[in-house]
Amino acid sequence: MRRDTFLKSLAALAAAGALPNAAWASANIKMMIPANPGGGWDGTGRALGDAMRDAGVASSVTFENKGGAAGAIGLAQFFNAAKGDPNALMVMGAVMLGGIITGKPPVSITQLTPIARLTTEYNVFVLPENSPYKSMKDVVEQLKKDPGSIKWGGGSRGATEHIAAAQIAQAVGVPASKINYVPFRGGGEATAAILGGNVTIGGSGYSEFQQYIESGKMRAIAVTSGQRVKGIDVPTLKEQGIDVEIGNWRGVYGAAGITQAQRDALTAMIVKATQSKAWAAAVEKNNWTPALLTGKAFDEFVDRDFSSLRATMVRAGMV
């Protein structure tokens, strides 16, 4: 039987709920994480890998971290190295779309194969424990006096926390072009910079800072959600009179050049993985919101988010 016919049969069985775990026994998944260790993409990719093994849809999962340029460096490597590989996956999300808009890299996400959105998460802004500032109000007051004196730390240029910082500035009457944003290649680097006091304020997904917030090494001062997030006792920006709301999402793409049958098979594997105990545990631990979306609905979602992010960044003077 031809491989594409076999994979199509597996996908059909999966959709019907009749796919035995043994059918996936030989799947060796290669996961590209286009960021340095320690961030949201890294955590998502490794949690998904564990879930794929737990669900019996992969016998092994190997990971490669390649950070920089909002994921564009890893994206280019994945595009060139994984063409036609039905067992290759790359973690991505809103941050990558923002990076593509601002950086205009030679390889775009549109050249790969959409598989699934996995989760959504709002950003949290934090201060190091020894910061002279105690609240977002304090930060904003200083931002108004001297915009360059507030160093915002976060992911690559175009990340959702970068967009949020620009929107906060605009909301309080400061030109977005004047913010002093310091991009990092991964969540680990950003965390180290915040803990070391090398930036004034840091932003990222709550899960990336959770242990430091709970230990008191970081002070959480705002989340970018419209309403308070269940399980996270941090005020929203809107509660504090700053009319800004922006969310983040993460998902996975497959390689360029795979067939529809191979895409269907990968999608079925991801769906099954998100039904595993390992994935449920990761979602709870990290305060992620499950947001599974596949097929045409995912394609259309990415197109809409691209357009929405571009419009937001144009208004913020980022492009």
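Points worth noting:
- The stretch 215-238, subset over 18 Å from the mean Cα position of the chain (by Cα) and at pLDDT below 95, residue most open to solvent (accessible area, probe 1.4 Å): Lys230
- Those residues of the stretch 133-181 which are of a type in the set (D, E, K, R) and surrounded by fewer than 24 Cβ atoms within 10 Å (Cβ to Cβ), in sequence order: Lys134, Lys137, Asp138, Glu141, Lys144, Lys145, Asp146, Lys151, Arg157, Lys178
- When residues in the stretch 149-181 are screened for being closer than 20 Å to Gly93 by Cα and in contact with a strand residue (DSSP E or B) (Cβ under 9 Å, 6 or more places away or on another chain), 13 of them pass.
- Count of the stretch 111-142 residues which are in a helix (DSSP H, G or I) and out of contact with any Ser or Thr (no Cβ under 8 Å at 6 or more places or on another chain): 6
- Residue, modelled with the lowest pLDDT, within the stretch 22-55, restricted to residues that are farther than 29 Å from Gly155 by Cα and either open to solvent by less than 20 Å² (accessible area, probe 1.4 Å) or aromatic (Phe, Trp, Tyr) (or both): Trp24
The values are calculated or read from the model by the stated rules, or taken from the named source; none is laboratory data. Keep in mind that this is a model prediction, so the values were computed, not measured. Using ideal geometry, Cβ is built from the backbone for each residue, glycine included, and neighbour counts are taken over all protein chains shown. Side chains are part of the model used for accessible areas, which takes the heavy atoms of the whole protein and leaves out ligands, DNA and RNA. Shrake-Rupley method; radii C 1.70, N 1.55, O 1.52, S 1.80 Å.
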